[in-house]
Amino acid sequence: MASAVLTMRGSSGAPEPLLPKVKTVSMNTMNMTLSDLTALSGLDVLDHLDQQVSVPVVDGPQAQGDLIVVPHEVLVDVVKIERWSSSFSVPRSGIELLRSAAGGNPHSLVADDGECTWITGVRDSRRLALGILDTRVVAYLIHPEHGATGIAPGRYVIGRQRESGGLYSQVHLVAD
């Protein structure tokens, strides 16, 4: 039994195959819902989170649990890329940046394939930076308990948060 190929007449009058239109869905949008983002990345969040909420996209400092995102220009004298630094393309499926205290839930960075670079092995005089994100498009941090936040195009330092308090105002890392 022969298979049928649908054709149409092209501008030359010769038959051309009809190809299905493939819709490419991008993460580079300011109107991403949590449901859309988890479907595109394949990462899950907990059921208590509203899946239809729009994910905010921020171009300044932001925090998610024990992580903090700061524009590199604010920390340019503190966090530096070194010759031993390594860079990785951020895949749509994500890069795990940090796993929460006691081996809990991960903070993952996701973006459209080939649009963002994650640089590790940076020098930070405060010893808090996990790395530097260079992104030409909106990138997202996803955490199962916190949901997601969007990071506008630019260069950012992503690192651990620290806090002081308690007896003798001790400084310690935020544990989430």
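Read-outs: derived from the displayed coordinates by stated rules, not from any lab. The structure displayed is predicted, hence computed values, not measured ones. Quick reminder, even Gly has a Cβ in these numbers, built from the backbone with ideal geometry, and neighbours come from all protein chains shown.
Close amide H partners of MET27, meaning residues 5 or more places away or on another chain with modelled amide H under 5 Å apart, are ASP112. For MET32, nonlocal amide neighbours, meaning residues 5 or more places apart or on other chains whose placed amide H falls under 5 Å from its own, are VAL55. Summary value for the stretch 50-112: 20 percent relative contact order, contacts being C-alpha pairs under 8 angstrom separated by 6+ residues. Taking max minus min of the alpha-carbon positions on each principal axis, the stretch 35-105 gives extents of 41, 27, 24 Å, largest first. With a Förster radius of 30 Å applied to the beta-carbon distance between LYS80 and ALA152, the computed FRET efficiency rounds to 0.85.
A Förster radius of 25 Å combined with the Cβ-Cβ distance from ASN31 to SER93 puts the calculated FRET efficiency at roughly 0.70.
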